[in-house]
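These notes concern the structure reproduced below.
No lab work stands behind these numbers, since they all come straight from the coordinates. Being a predicted model, the structure only gives us computed values, none of them experimental. Ideal geometry is used to build each Cβ from the backbone, glycine not excepted, and the neighbour counts take in all protein chains shown.
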Amino acid sequence: MKFLSVLLSVGLFQVNADHFHLNSAYGESEVPLELVKSLLGVGSSLEIDEESVQLTGPNSTCAKQFFGGLNLFEQNGEETYTGGTLGFDEGIIVATGVPKFIEGQDKTSNSACFSQDSNGGDGTLTDVIQLQTYDSCALSFNFKPADGIQYVSFNYAFGSEEYLEWVGSIYNDAFVLLLNDVNIAVVPGTDTDEAGNSIDGTPVSINNVNKFANSDFYIDNDPQNYADYDEYGTETIRFEDVPYPNFEADGFTTNLMARGALKENEWNTLSFRIADTGDCYLDSWVMIEAGTLEGTVQLPASTESGALPTVTVGGATGDPHFIMWSSEKYDFHGVCDLVLLENPAFGLGKGMDIHIRTMKTRLFSYISSAVLRIGEDTFEVRRDGYWLNGKKDASLESGISGYSIKFKQLTEKANHDQQQYIVTLNSMESISFKTFGDMIRVDVESAKGESFKESHGLMGTYGTDSERVGRDHITVIQDFNEFGKEWQVGADEVSLFHNVEGPQAPEECKMPIASANRRRLGETKVSMEDAEVACARLSGNDRDMCIFDVLAIDDTDVAGAY
């Protein structure tokens, strides 16, 4: 028996491809194991039994890996859906017909009949829905979770040409996502009771998610809704008005999450199954997002509406304004090495730290460098380059502890070169480092909190009610300066930076002297009016911070960092 313990090393990669395309040509089959591997998150805690992977159905090309999927969901005219991103940029398609037919929109519905008798059906699906199935496609495999992993989840969306004409009929293409023979493709909010206990949820299907039922999770895309008729009854479709003209399905779901409890330390079985019902006509597709098949310690939060989970962002901007998980902002201008975030529990004990180094500027201070540690690896960013495990400008191909690092050149301007490095932890969590002039900005994004729920540091405790808690993880510190000093990198902590600069513990952070700052404010070249004009495109706290930074650095170009 062969096993795949996944710790993928993904280097620099291009996201949001400029067009939709499949991994293999029309009519060519794909290796089922490669389809499964594409779904796994980096550093996955799931061990795949390679020999158990099977793709079955009358059409061996019914499942394909795709790229540039977001191009299918470019919307015509005024945007009517504001609940979040629709579709996925990368993943796999499992179809009742030809996966390629998911692209495009025309007057006629796509149909690909590979079997007009029950021999092309799926016995498992037939038993589940109690209707005869045709043109089935099933991808299944066994996997074992790492110690402590109790749940599994992944993101998916379903679309069909059966919408809306065949809602309520026997011609109701079906699909299930079976975890140990239990369907976990259910309408959000229906799989737990008020006490949080797991119950059988309402299956996602054409009958259960449409314009009339659970409509928060449904997008109507039928060209027939945009038809004009002349006096002779001749029909003309206004394709310029079809909401998603690049997507063939006449209706589809919003992005959903499948989740379920595992048999701990045992082999589990997962299968993605789809089939036509009643006959083999009119195609349906299920899209599963790449990199989202993950094991977790706690049950991931379900999406309770069509919107994606709210993204929580924390971090620190270059002239140090700290952003807590609750979005509260505060300033600390001490010059020293600081702990922005620490989380020993990250990655099943690998641990994660983010340290920043502040340097004195003309008036206050700014973040001159930032370093991320995951496991034994470190990644440091400064204006003059980056260091991977202490080596300057080393290849990013292997990422950091298996997590990919993507580089973007944002702007090229003398003295204000702007670059970005994005470390992707999973489909919903990432860490971004931006450079602007001498300054570094750090943004930590988390849509579910799995990686950061146990974290502490200058970003506070995780959650919308984040608090400034000290190193004992109990004491709440209200004074910003005292809180900042609390999280200075200690003398007993390992320095993550490639060199030593500025005050190091036990020497305390150097604080700005207010009287000197007041004297120097009169020497600035940039006026308050200049700063306000430079930051005019911003609002609220961001505008206030921008004006502060422009005046402190004495440079209107600093506004470009926001």
* To do: Excluding residues fewer than 8 places away in the same chain, name every one of the lysines whose C-alpha is closer than 27 Å to that of K510.
  => K329, K360, K434, K485, K525
* **Packing-based ranking, highest mean first, of 61-69, 48-56 given that Cβ atoms within 10 Å are counted** => 61-69, 48-56
* Asked: Taking neighbour Cβ counts within 10 Å as the exposure measure, how do H498, H456 sort from fewest upward?
  -> H498, H456
* Asked: Roughly how many nanometres apart are two label points built 7 Å out from the Cα toward the Cβ at Q150 and H21?
  -> 4.5 nm
* Which ordering of F239, F483 is given by a fewest-first count of other beta-carbon atoms within 10 Å? -> F239, F483
* Structure fact -> If V494, V297, V36 are placed from fewest to most neighbouring beta carbons inside 10 Å, the sequence is V494, V297, V36
* Structure fact -> Given all pairs of distinct Cα atoms, segment 313-386 yields a Kirkwood Rh in Å of 13.1 Å
